[in-house]
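Q: Below is one structure. I have some questions about it.
Quick note: the coordinates plus some simple rules give every number you see, no bench work behind them. Predicted, not measured: the structure shown is a model, and the values here were computed from it. As a convention, Cβ positions derive from the backbone with ideal geometry for all residues, glycine included, and neighbour counts pool all protein chains shown.
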Amino acid sequence: MICALVDCGGHLTEAHTDALAEAQQSGIRVEHFRVASIPSRQELKAIDALAREILPEDPTPSLDEIAAQPDVSHLGEPGPAPQKQYLREPLRIVVIGSDAALSAVLTRMMRADYLWAEVGYVPTGEHSTAAMNWGLKSSETGQGPSDQGAVMEEALSFAMTAPVKPAPLIRNDAGLAVAGSATIAEWSNEEIIGEIIVDDAVLLRADRDKDVFGAKLVPMTDAPGIVAAKAVTSFEAEAAPRRGLFSRLRKPAQPGQLDPASVVQGRAVQAGGPSLSVSVDGVRAKRPVKRVTFYRHLRDLQIVRP
């Protein structure tokens, strides 16, 4: 097996060589790529080349052919990649970094159509929604530097050697893959104007729902693929100034607080409004949009998780 370590921001040090040495001793070919905190397409071309080396031509049905099939089997329980039997050897891509970094790598894999490659993740930030969803430990779990190093060493070893469990890949119509979460809000960070629908269910509608600032969606590890809920506070801390005589005495609202009673699951989320803000794994789109759709991709992720 080839294991491509995509080190986003230079987190690997000599303190983590034990996990690498163990992997190499077990016959794993380790390739280390040091890239930016959020890697660019140019930086990930080396990973593209590895994928082409292992599978020069994909004999399985293309995305267009899958979409044209009369059944909807691809919308059910996520399954193993059909390309597995044609690979010269397995390719595992281990992303070391933030959810935004993982999103960038998944986006590149999706656009270049090699989601058959296995994906391991070593989260490095204080909070990782993707790690929580996948049941992974964060390297910030430990109390001190030595504890954090031990957790990262364990996470790295797990990402390189543990088995794969397929899961849906959630993307949007701009071609961005969601690793941990995405948000839809008003561009001004005020109460949202518009409508958000999950499959056939109306999650929120501005003329019906008051004091609602948008919605957050998170990928599931099983069908149908997406879980979403509406936000009753702005995703930006204190985006809307408080007014009134007792405003200074009120406890500050937590940004992006969700309404648990609104939680709904589905395969797709559609939103429309005059000026929507869309963020994927903490990275906000550069300009507002009038509509956006998040939906389950036709190919599943082959992720390493408990």
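Q: So for the chain: antiparallel DSSP bridges make up what percent, rounded to the nearest 5?
A: The antiparallel fraction comes to roughly 70 percent.
Q: Mind putting a number on the dipole of the chain about its Cα centre? Charges go on the C-beta only, +1 for Lys and Arg and -1 for Asp and Glu, and I need it in Debye to the nearest 20.
A: Using Cβ point charges on Lys, Arg, Asp and Glu, the chain gives about 900 debye.
Q: Under a point-charge model restricted to the Cβ atoms of Lys and Arg (+1) and Asp and Glu (-1), what is the dipole moment magnitude of region 2-170 relative to its Cα centre, in debye to the nearest 20?
A: Dipole size: approximately 220 debye.
Q: Next question, about the same structure. Suppose we flag GluC sites (Glu not before Pro) only when DSSP calls them loop and at most 10 other Cβ atoms lie within 10 Å. Which is the longest uninterrupted stretch of the chain?
A: Value returned for the longest uninterrupted segment is 127-306.
Q: Which residue, chosen from MET220, ILE197, PHE235, occupies the Cα position most advanced towards the positive end of the dipole of region 177-297, where the dipole is computed from +1 (Lys, Arg) and -1 (Asp, Glu) charges on Cβ about the Cα centre?
A: Result: PHE235.
Q: Sequence-distant or interchain residues sharing an amide H contact under 5 Å with VAL94, placed H: which?
A: Result for VAL94 returns ALA4, LEU5, VAL6, GLY120.
Q: Using only DSSP helix segments of four residues or longer, with each worth -39500 (n - 2.57), what per-residue ellipticity at 222 nm results for the chain after dividing by its residue count and rounding to 500?
A: -6000 deg cm²/dmol, from helical runs alone.
Q: For region 2-170, what relative contact order do you get, as a whole percent, if you take Cα pairs closer than 8 Å and at least 6 residues apart?
A: Over region 2-170, the number comes to 27 percent.
Q: Here are a few candidate values for Cα extents along the principal axes in Å: (i) 67, 45, 31; (ii) 78, 48, 40; (iii) 68, 55, 32. Which one was actually calculated from the structure I just gave you?
A: Here Cα extents along the principal axes in Å agrees with entry (iii).
Q: If you don't mind, another one. Which whole-number percentage describes the relative contact order of the chain, with Cα contacts under 8 Å and a sequence gap of 6 or more?
A: Averaging sequence separation for qualifying contacts and normalising by length gives 20 percent for the chain.
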